[in-house]
Structure formats: structure tokens, C-alpha cells
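Chemist: Take this structure, written in C-alpha cells, and hold onto it; I'll ask about it next.
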Amino acid sequence: MDFMVDAGMTVPSMVLLVLALGLALGFEFVNGFHDTANAVATVIYTHSLRPIVAVVWSGFWNFLGVLTSSGAVAFGIVALLPVELIVNVGSGAGFAMVFALLVSAILWNLGTWYLGLPASSSHTLIGSILGVGLMNSYLAADRAFGEGVNWGKVQDTAMALLVSPLVGFSCAALLLLLAKALIKKPELYTDPDKDKGPPLWIRGLLILTCTGVSFAHGSNDGQKGMGLIMLILIGVVPATYALDMAAQPNALAGITTDAKAAALVFHRMAEGDEAGQGDGAQSVLSQYLRSGKFDHTTFSALAGKSQSVALTLEGKQHFSDIAPEGRRALRSDLYLLSESINKLGKAGAIASADKPLLDGFKSKTKAVTAFIPTWVKAAVAIALGLGTMIGWKRIVVTVGEKIGKAHLTYAQGASAELVAMTTIAAADAFGLPVSTTHVLSSGVAGTMAANKSGLQMDTLRSLLLAWVLTLPVCVFLGAGLFAAGLYLVSNILGLG
């Protein structure tokens, strides 16, 4: 799909669109030279590739990783945001949210990069999201502090981020020990000769692992920027990007049929309660997604929204048949329905006989709302790839020289990168945003420990301090910038 904007956009909205897209791509650019330097550290320090060749090669595979990514991680990140800001992303609060997330993440990434500390861009972004959610609930008079945060999704993501460095350390150490037991090649376990490259088969293995980590990083980390860009486009250009305009008539017909059937199911579950229907349905469902507490009114609201979706789509062949101003409203309805069904399913509130129908309805709605245009993937891929090629050196020096007391051997580099590659690829398949930095840095430390090479404790203390501080610092940054952004868009730009 080509990049398009609405003809009726105001000048302030156009300015915000350009700034927001620039910041989102800037975040991915910084992410490139901050995180992906980990992928090239091993091939550079084992003399498998010259630095300039390594970073260009890594940048290219990051580019391909973004282009072929599934999009699951992108919308996993979006699901962490307060539901009312997602539903009303085109409001002033929605713009403030996007700017707060991006600016706080960029500031922390640049600061840790300048100090040569390989901190996690995933932790950075998630901390900023938590800050926005907490400040949003603090400023709202009708809810408890912290209610706007998707704690269930935060818990899943935090677990992935906590476990991944442990996996990196232990698995890389075990892999190195296994290689020593099975592969009796002394050259694998000695310091590389600085005057010549490794044997061809070792060089091939290390280039392969560098390629795998770069590709996996692009497919996982690149999606975070994609999700934020889609939020920006949905908020500013909803007529074009709120729904997948390329959806075929059979997709719309399937949603219509399932919406009618779902309305009957929810009506039965409501047991005659109609209090949640009408104009208050959005508020009821938003409250449910915030709190997780449901009753007959919740099912009544779901029945009303399902019926509304069916009526809106009845007889439509394409989303272009719906008036532009109605597309954002339809997307909000579909989002509330799919997220509510997902949450009810996890809570065990859906009968087994109804589950296939409602799961099918959820999948069909996500297919037309959780989409990423090709040009968005391409823009993020270019930003991430260029970032990889430009600012890599500070982080590479830390990973290659300052974690262990000995020079990185061929076997150590290959072990750390094989573990990083497989861990990140697995996380991508499950839609979990893990940290490339944590996995690979921990993997290098694990191989140093297994090899009894010694660890530089000053560096490890600095790394751990940066990792521990990332979340709380970014929570405060995100919260403060969100409050400042609300003031800016409401009082200076005049956006409600």
C-alpha cells in the first residue's frame, strides 16, 4: 500500500504526523546502532569479518528481518498501552502518549550508548509505556492509580525480559562446554591470530551466527517501531489506516456473519441485561479491559457492539464503502471486541461450545486491524539497517573487550550468537519482545565463565546497574513527558 494522507488534514495534525513518524524512525535508527552492535561484536573480535563489512552485512540482514517479520511483536507492544488511549489514539492524549514513549526511549538509549553500555531497548520502551499508563491513571478522576496499565501483558513481557539473560548465560556456557567435549579442534578455543582470519569453516560458522542474530533482531526489535507507527497513522490518518483497505469482500462477509452469531451468544450470556448497550458500551468495555472485572453488563455491551459491527458491515464489499469518519469508529469497536474476547477466554468465562465461534470472530477482526503496510516495514527496515551501520563501535568495544578478561575465542563467539539467534527467533514466534542486548551480552559472559577466562566485574556491575535502572528511569521519563505532552497538545496546539 502506498503512503497516503487524508486531504482534509489540518496543519497542526500534519506537523504532528511528520514529527511523530520522524521520532518513530529515529527510535529504530538508535535501536540499530545501540542493540545490533551485539551481533557484529563476535565476528569483529574473532577477525572473521572486517568491521565495515560486518556492519554492512548485519545492517542488510536486519533490513530483511524487518521486512519478513510477522507483526505479532508489534501489536504485543501496543497491547501494553492504556486501552482508552489506543481506542482514542487520534486525541490529544493519544498524541502525547506517542511522543512521550518515543522521546523517553530515545533519550535513554542515547545516554547508555554514549557510555558504551549495552542496555535493552525493549526494557526502555516498556518502561516508558508503564510510565504513560501510570500517569494516565493518576490524572483520571474516575479510576484507581495503575488501573490503566495492562498488568497481565506487562507480567508476560517482564518474564520474557527477565528469563532471556539467564537463558543466554546458562545456555551459551553449556553449549561451549558441549563443544569442548565433542569437537576436538584446539584452534576453536585459543585466542584468534590478529594477523590472519580464522579457518574457512570457522569463519563460515561465525558469519552464519552473525547473520542469524541480525535477522532475528530485525524481525523482533524492528516490530516495536512498526507498532508505534501504526498507532500514529491510525490516529492521524484513520480513513486510510484504521482498517486494512485491501481486505477482500469474503473477509468482510466473514466478520459480518460471525458478528451476528457473537451478538446472540453475548445476549444469552447477558441474561436479559441491556444496561451495557447503546452509547455507554465503549465505556463499559474499556472499564472491563482496564480492571478485568466482568458481569452481565459486560456481556450486554459485547452483544451491542457485535450487533453494531454487523449492521455497519452488512452489504459492504470493501471498507472503502464505509464513510471515512466511520472507519475509526469501526476499528475501535473491532479492537474492543477482539481484546475483550481474548481476556474473557483467558479468564475461563467463555463456554467450550462457544469458544470456536468467538475465537474465529477474534481472529477475523485482528486480521483487518492488526496489519502493517509494506511501506511501514520498509521504512523501519531502512532506519534500523542504517543505524546498524553507523553507531556500532561503542557497544562493540564493551561486548568484545570489557566483559571477559581474555580475548573472545571462536567457540565463545559462536556459542553466544547461536544461543542469541535461537532465543530471539523463538520469542518472535511467540510474540514476546525480548532483549537482544541481554541475551548476547549474557551469552558472552556465560562463555567466559565456562571457559574460566575471568570476568571484568567493574563492567558487569555497570551493565547490571544500567539494566536495573532502565525500567524505573524510563517509567519516570515516560510519565513526565506524557504529562508535559498533554499540556502541549491541549493548551498550545488546541487538540482535544
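The values are calculated or read from the model by the stated rules, or taken from the named source; none is laboratory data. Predicted, not measured: the structure shown is a model, and the values here were computed from it. Glycine also receives a Cβ, built like all others from the backbone with ideal geometry; neighbour counts cover every protein chain displayed.
Chemist: Consider Val439 carefully, then state whether it is within 31 Å of the chain's Cα centre (by Cα) and modelled with pLDDT under 75.
Modeler: No, not satisfied.
Chemist: Do you know which residues across segment 307-321 are without any contact (Cβ under 8 Å) to a residue 12 or more places away in the chain and closer than 15 Å to Ala251 by Cα?
Modeler: Initially, segment 307-321 is screened for residues without any contact (Cβ under 8 Å) to a residue 12 or more places away in the chain, giving 311, 315, 321.
Passing the criteria: Gly315, Asp321.
Chemist: Is it fair to say Leu313 is surrounded by 15 or more Cβ atoms within 10 Å (Cβ to Cβ), over 15 Å from Glu147 (Cα atoms) and assigned by TED's automatic domain parsing to the domain that holds Ala259?
Modeler: Against the criterion (surrounded by 15 or more Cβ atoms within 10 Å (Cβ to Cβ), over 15 Å from Glu147 (Cα atoms) and assigned by TED's automatic domain parsing to the domain that holds Ala259), Leu313 qualifies.
Chemist: Check Leu117, Leu81, Leu102 and return the single one that is assigned by TED's automatic domain parsing to the domain that holds Val213, within 17 Å of Met226 (Cα to Cα), touching a residue at least 24 places away in the same chain (Cβ under 8 Å) and not in a helix (DSSP H, G or I).
Modeler: From the options Leu117, Leu81, Leu102, the qualifying one is Leu81.
Chemist: Still on this structure, please answer the following. Against the definition (assigned by TED's automatic domain parsing to the domain that holds Thr211, modelled with pLDDT under 75 and either farther than 29 Å from Gly235 by Cβ or not basic (Lys, Arg) (or both)), how does Asp6 come out, yes or no?
Modeler: So Asp6 does not fit the description; no.
Chemist: Next question. Tell me, which residue of segment 326-348 that is exposed (fewer than 14 other Cβ atoms within 10 Å of the Cβ) and in contact (Cβ under 8 Å) with a residue 12 or more places away in the chain is farthest from Gly235 (Cα to Cα)?
Modeler: Ala347
Chemist: Oh, and also: If I go through segment 306-330 residue by residue, how many of them are outside any loop (DSSP other than H, G, I, E, B) and out of contact with any Pro (no Cβ under 7 Å at 6 or more places or on another chain)?
Modeler: Summing the residues that are outside any loop (DSSP other than H, G, I, E, B) and out of contact with any Pro (no Cβ under 7 Å at 6 or more places or on another chain) in segment 306-330 gives 16.
Chemist: Go through segment 360-391 and report how many residues are at pLDDT 90 or above and farther than 26 Å from Phe319 by Cα.
Modeler: Residues flagged as at pLDDT 90 or above and farther than 26 Å from Phe319 by Cα within segment 360-391 amount to 0.
Chemist: If I filter segment 349-381 down to residues being surrounded by fewer than 22 Cβ atoms within 10 Å (Cβ to Cβ) and of a type in the set (Phe, Trp, Tyr), which single residue comes out as farthest from the chain's Cα centre (by Cα)?
Modeler: Of everything passing the filter in segment 349-381, Trp375 is farthest from the chain's Cα centre (by Cα).
Chemist: Another question, then. Quick check on segment 224-255: of everything there that is under 21 Å from the mean Cα position of the chain (by Cα) and part of a loop (DSSP other than H, G, I, E, B), which residue is farthest from Ala93 (Cα to Cα)?
Modeler: In the first step, residues of segment 224-255 are kept if they are under 21 Å from the mean Cα position of the chain (by Cα); the result is 224-236, 241-244.
So of that shortlist, the ones also part of a loop (DSSP other than H, G, I, E, B) come out as 242-244.
Details: Ala242: 18, Leu243: 21, Asp244: 24 Å.
Taking the candidates together, the pick is Asp244.
Chemist: As an exercise: evaluate Ser415 against (1) under 20 Å from the mean Cα position of the chain (by Cα); (2) within 29 Å of Asp193 (Cα to Cα); (3) at pLDDT 75 or above and give the number of the one condition it does not meet.
Modeler: For Ser415, the exception is condition (1).
Chemist: Test of understanding: among Lys362, Lys405, which residue is without any contact (Cβ under 8 Å) to a residue 60 or more places away in the chain and under 20 Å from Val73 (Cβ atoms)?
Modeler: Lys362
Chemist: Just need a number here: residues in segment 412-452 that are surrounded by fewer than 24 Cβ atoms within 10 Å (Cβ to Cβ), touching a Phe, Trp or Tyr at 6+ places or on another chain (Cβ under 8 Å) and in a helix (DSSP H, G or I).
Modeler: So the answer is 1.
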